[in-house]
Amino acid sequence: MSASHRSGRRSVIHVSSAHRVSDGRITRKEAASLLRVGYKVTILALKRAEGAELPADLEYIEYDLPSSRARRFLVRLPWLIWFCVRKRYDVYHVHDPELILLGLVLRLLGRRVVYDAHEAYAMVILDRDWIPRLVRPLFSRIWRSCEAFLANNASLTVIAHDTLEEQFEKARIVVVRNFPIPSDFHLSNSTAMADRPPVVTYHGDLTRQRGLFSMVEAMARLEGVADAELHLAGSLSEADEAELRRHDGAGRSKYLGWLSGAALAHELDQARAGLVLLHPTNNYLKIRPNKLYEYMAAGLPVIASDFPHWREVVEPCRCGILVDPLDAEEIAKAIRYLLDNPQEAAEMGRRGRMAVVELFNWQQEEDELIRAYSSMWSRA
């Protein structure tokens, strides 16, 4: 018997093989929004991050299976397929690339499947160093075909970026951007910009492609700017942490570990600027990162990669400075400018915050998601 038949409510299970149950898009946004309009919602994902606060009234099934790339396919994926086939829900909302196989199995069994594409995965394959360069284009084409096949057969495909629409032109799609919940990143009694320490910050996965070493190298070029620091919050591999220590800017860089909730909001409240210096990879040239909007929600001016579709946000909103993410000197110049001009930095932050409150917020995306879910029942 399905969960909906027992409870009298339609049931949804969000399934992830790569995200934690504390993931912002899956749990804080999509699942919580569906719960608010009456769905019974379960999250099947990796164990929550330490100290993470989760919305009440959602059901959480947390697991911690082997996490190497090979074991994700050979152990984790078969276990998730076995679990989902045995358990009956009205909707299976799947979130990760390898879960295409799970989605296809469920569709063959006549189950209702929502496929959620967080990124341009065909482009991600072209950027993966662990895949031999010569075969990346072939793998990317194969992936694009497999993803399109699931999307065309799914009950609904949710995409996080409007730039992905061309990939799913034959599918039933809805664009649900990963915009922030403004209150999550802004304190009611926020610290005046001029009273903050000379700190710039980055939060998220810390990798070379995400600008880790570009940021650290820029800090080494801030001569004459007393006490300036770069705060790094997020996940960092042991190898990258060791390499970071060898850079000249390491003495001005502080690794905070993973922050979420109130701790992250406090960190952003003590910073003068938010850095989002992703490198010009195939994927990052296609999407806008959610942290761009999160910094704006926090009232922080942004120092961001000068990519055409990022420029479409930063320039009209006048909320930051665009730079070449591969040029440490240009990044340092932008950091120095914002540290030396706190009043102008505060105005940039205010304009960015206003843009999020008025335009780039989760509320309008929530409405899109709920309407798309409702359309599935009307087609049934």
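The values are calculated or read from the model by the stated rules, or taken from the named source; none is laboratory data. Note that the coordinates shown come from a computational prediction; the quantities given were computed from them, not determined experimentally. When we count neighbours, we look across all protein chains shown, and the Cβ atoms used for this are built from the backbone with ideal geometry, even at glycine. Heads up: the accessible areas ignore ligands, DNA and RNA and are worked out on the full protein's heavy atoms, side chains in. Shrake-Rupley method; radii C 1.70, N 1.55, O 1.52, S 1.80 Å.
Summary of computed values
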item	result
Base-10 log of normalised Debye intensity for the chain (one unit scatterer per alpha-carbon) at q = 0.08 Å⁻¹	-0.43
Average projected area [Cα convex hull, segment 230-314], square nanometres	6.3
Test item: Cα-centred dipole of segment 29-137, Lys/Arg +1 and Asp/Glu -1 on Cβ, debye	480
In Å², nearest 10: area of C146 left accessible to a 1.4 Å probe	60
Proximal lysines relative to K29, as straight alpha-carbon distance under 29 Å, when same-chain residues fewer than 8 apart are discounted	K40, K47, K87, K170, K286, K291
Per principal axis, descending, Cα span of segment 1-142 in whole Å	53, 38, 25
Relative packing of 289-300, 44-55, which averages over residues the other C-beta atoms within 10 Å, highest first	289-300, 44-55
Local electrostatic count, V323, Cβ distance below 10 Å [Lys/Arg +1, Asp/Glu -1]	-4
Length added when fully stretched, E344-N152, from 0.36 nm per residue minus Cα-Cα	64.3 nm
Selected from L339, L101, L74 as most flexible by GNM, with the chain as the system and alpha-carbon contacts under 10 Å	L74
Accessible surface, 1.4 Å probe, highest first, among residues E315, E165	E315, E165
Gyration tensor (Cα) of segment 119-241, equivalent ellipsoid semi-axes in angstrom	38, 23, 10
Cα centre as origin, Lys/Arg/Asp/Glu Cβ charges: the chain dipole, Debye	1860
Extension reserve of the Y255-A220 stretch, reckoned as 0.36 nm per residue once the Cα distance is removed	11.0 nm
Accessible area of F139 in the full protein assembly, 1.4 Å probe (Å², nearest 10)	90
Point-charge dipole on Cβ atoms (K/R +1, D/E -1) for segment 101-187, about Cα centre, debye to 20	440
Cα lying deepest toward the dipole's positive end in the chain, options S188, Y373, L264, charges on Cβ	Y373
